[in-house]
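The values are calculated or read from the model by the stated rules, or taken from the named source; none is laboratory data. Everything numeric in this text was worked out from a predicted model, so none of it was measured. Virtual Cβ from ideal backbone geometry, glycine too; neighbours counted across all protein chains shown.
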């Protein structure tokens, strides 16, 4: 409602040669400096990771990409990222499958369905959820969620074990699996996705919604016809923000997951690992070489995150023309 | 406007005072607790016998297994020697040794003795041709805790433990376990064996024991990272203890203090001695007394005899070290380092430990350690 401005409404002097004053130059310098600073920091991280990583990978006695175990402190060192890459991607995927629909639902409810009296405190609660430190999520996950998910695990194992992924090798083992990690990550990224989506939903031009209403659309049809298409790229950006957090989450995963170098499609088995969890677990006792090896795994996570973000940008860029955002 | 702002500030200040005083109060509270858990007379007696070194700022870091012991020692030493500051950061043995080799700490605490290449590196930090040496300082039993409702006195031996943690024994009513516990009502449930997911000296010592006492059943190399394939894991001793506490059918290893703190029953180990040995400070001290010094020169690295059959010696014991230079320590901290370590190795320093789940050094070894400390230069 506040962003509704008609296209022709440029400030009158926008085409005239700009008068520059000291303030302009200072501001230009500051904003340009910030941009450059960001690039420098990214480059510094990339160079640091690459240099240390190449050293470690060159001394690895087994294939870095296909080895399951992580024994960087042994002589000879032998370590690989297969389990970590798989665990990171799978747990984040589970988190996204759960979190995106729920978050969009919450955001729609807050922006379009809930009465104002309910919407404000609800939005506040979601913000509060985003402020909980991840170690607290980890403690809650380990001490509360894990025992309470045992029932769901047994149910899935009993009725859905034919799918393969929900088959539990030892039904009596605790639910400290990638599946549980996925659920916990979902809870952790819901607030981010919800907040960003909510802001996007609020920027849908009132005219679009009123037009739909004028055509006799129900509230659901308004959401489907005018809100969701307009907000699609925003939802994707929001999801990518959430995915970024899920990919890099450390303490919560380290607390909840029973890590072991086993790559299994059975999501309920207490096996696996993630990049960040592995770094957290191995860092304290690692010698110099062990740290380099962990940094190499960090580089892979860095690359995966870059790829995911790049893919998201592509999707957004392609969707933009259909989204109505340029209407 | 101004007035409201002032009152706002004032209320903020009042709030800050309330919060900080609450913090101070809780800090006092926790101090008192740790004081009462160590023998009550300990600190005052210790204060009388501590010979203070010259005032200095001692930085040290390393083993987390030593943390509780260090806390007690540092507190007592700083109480007795005003003006001295000792700061021990429990960063993990690996990080502690690394920092020592970079020359940023006066000494390191480590769960394992220096490796040959680390000794070589230490020669660049220790001046006057000195090198890093290992001084055994804190020992302690590693308990194997279990969660089996209705089973009180579980007895296991090294081969059975090795098979359980290697998933070769998967059920609690396995004949091998039944044979060791003829009268216990063992359930047919599966065994949930927990190990550490982070690298740790506890894992290193636990697997060293399995390899030392049951080589044919434990085929993995040692090391701080867990090598066996199966089983479940949790971070830190506290994490493993929490899992054992809340999972029926679980078994896991951690320092004895964690078992005591959470009331987790521990396994008695059948060593071939006249009776199975329970984890305790005394039993661990007996085990350390049985150890041989394998370090050369001033180095006092110990080798435990894991296959011991001595009566009352608990074989699953770890010894941790303080690492310093034998010659060429930094002159500004040398005196304080010697004074502090001398107190730590003294009878008073060692006696205060058994309440914390540690094992005091046997007299013979403590005497040797003290004479080595006095020769540091």
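Structural remarks
- Filter result for residue A:197 (within 14 Å of chain B (Cβ to nearest Cβ), surrounded by 13 or more Cβ atoms within 10 Å (Cβ to Cβ) and under 22 Å from the mean Cα position of the chain (by Cα)): no
- One residue stands out in the range A:194-215 among those that are assigned to a loop (DSSP other than H, G, I, E, B) and out of contact with any helix residue (DSSP H, G or I) (no Cβ under 7 Å at 6 or more places or on another chain): the one that is farthest from residue A:128 (Cα to Cα), namely A:215.
- Within the range B:78-93, the residues that satisfy the criterion of being closer than 19 Å to residue B:342 by Cα and surrounded by fewer than 24 Cβ atoms within 10 Å (Cβ to Cβ) are B:78, B:79, B:80, B:81, B:82, B:83, B:84, B:85, B:86, B:87.
- Answer residue from the range A:259-279, given it is modelled with pLDDT under 90 and closer than 22 Å to residue B:201 by Cα and is nearest to the other protein chains (Cβ to nearest Cβ) among those: A:259
- Flag for residue A:256 being in contact with a strand residue (DSSP E or B) (Cβ under 7 Å, 6 or more places away or on another chain), crowded, with 24+ Cβ neighbours inside 10 Å, within 21 Å of residue B:231 (Cα to Cα) and within 11 Å of chain B (Cβ to nearest Cβ): no
- Breaking point among (1) in contact with a helix residue (DSSP H, G or I) (Cβ under 6 Å, 6 or more places away or on another chain); (2) more than 10 Å from every other protein chain (Cβ to nearest Cβ); (3) farther than 23 Å from residue A:78 by Cα, for residue B:210: (3)
- Looking across the range B:81-102, just one residue is more than 14 Å from every other protein chain (Cβ to nearest Cβ), touching a helix residue (DSSP H, G or I) at 6+ places or on another chain (Cβ under 6 Å) and without any contact (Cβ under 8 Å) to a residue 40 or more places away in the chain, and that is B:88.
- Complete set of residues in the range B:94-118 that are buried (at least 17 other Cβ atoms within 10 Å of the Cβ) and assigned to a helix (DSSP H, G or I): B:94, B:95, B:96, B:97, B:98, B:99, B:100, B:101, B:118
For every residue, the table says whether it meets (1) without any contact (Cβ under 8 Å) to a residue 60 or more places away in the chain; (2) crowded, with 21+ Cβ neighbours inside 10 Å; (3) within 16 Å of residue A:249 (Cβ to Cβ).
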| position | (1), (2), (3) |
| --- | --- |
| A:59 | no, no, no |
| A:62 | yes, no, no |
| A:68 | no, no, no |
| A:71 | yes, yes, no |
| A:75 | yes, no, no |
| A:78 | yes, no, no |
| A:81 | no, yes, no |
| A:92 | no, yes, yes |
| A:99 | no, yes, yes |
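- Among the conditions (1) surrounded by 21 or more Cβ atoms within 10 Å (Cβ to Cβ); (2) within 14 Å of another protein chain (Cβ to nearest Cβ); (3) part of a helix (DSSP H, G or I), residue A:286 misses just one, which is (3).
- Failed criterion for residue A:250 (all others in (1) within 14 Å of chain B (Cβ to nearest Cβ); (2) over 16 Å from residue A:181 (Cβ atoms) hold): (2)
- Failed item, numbered, when residue A:318 is tested on (1) away from chain B (no Cβ under 14 Å); (2) surrounded by fewer than 20 Cβ atoms within 10 Å (Cβ to Cβ); (3) touching a residue at least 12 places away in the same chain (Cβ under 8 Å): (3)
- When the helices (runs of 4 or more DSSP H) confined to the range B:158-259 are screened for residues that are touching a residue at least 60 places away in the same chain (Cβ under 8 Å), those reaching at least 3 such residues are found at B:158-165, B:201-213, B:236-246.
- Scanning the range B:183-217 for residues that are out of contact with any strand residue (DSSP E or B) (no Cβ under 9 Å at 6 or more places or on another chain) and surrounded by fewer than 22 Cβ atoms within 10 Å (Cβ to Cβ) yields B:183, B:185, B:211, B:212, B:214, B:215, B:216, B:217.
- Restricting attention to the range B:218-264, the residues that are more than 14 Å from chain A (Cβ to nearest Cβ) and surrounded by fewer than 18 Cβ atoms within 10 Å (Cβ to Cβ) add up to 4.
- Residue list for the range A:183-194, restricted to those being more than 12 Å from the chain's Cα centre (by Cα) and either more than 12 Å from residue A:257 (Cβ to Cβ) or surrounded by fewer than 24 Cβ atoms within 10 Å (Cβ to Cβ) (or both): A:183, A:194
- Single unsatisfied condition, residue B:292 versus (1) more than 14 Å from chain A (Cβ to nearest Cβ); (2) in contact with a strand residue (DSSP E or B) (Cβ under 6 Å, 6 or more places away or on another chain); (3) at pLDDT 90 or above: (3)
- Where residue B:114 falls short, out of the listed (1) within 20 Å of residue B:61 (Cβ to Cβ); (2) within 13 Å of chain A (Cβ to nearest Cβ); (3) without any contact (Cβ under 8 Å) to a residue 12 or more places away in the chain: (3)
- Hey, residue A:51 surrounded by 11 or more Cβ atoms within 10 Å (Cβ to Cβ), within 14 Å of chain B (Cβ to nearest Cβ) and at pLDDT 90 or above or not: no
- Test: residue in the range B:136-150 that is more than 25 Å from residue B:317 (Cβ to Cβ), surrounded by fewer than 19 Cβ atoms within 10 Å (Cβ to Cβ) and out of contact with any strand residue (DSSP E or B) (no Cβ under 6 Å at 6 or more places or on another chain): yes
- Residue match in the range A:166-182 (condition: more than 14 Å from chain B (Cβ to nearest Cβ) and surrounded by fewer than 20 Cβ atoms within 10 Å (Cβ to Cβ)): yes
- Here residue B:338 fits the description: more than 14 Å from chain A (Cβ to nearest Cβ), under 25 Å from residue B:122 (Cβ atoms) and outside any loop (DSSP other than H, G, I, E, B).
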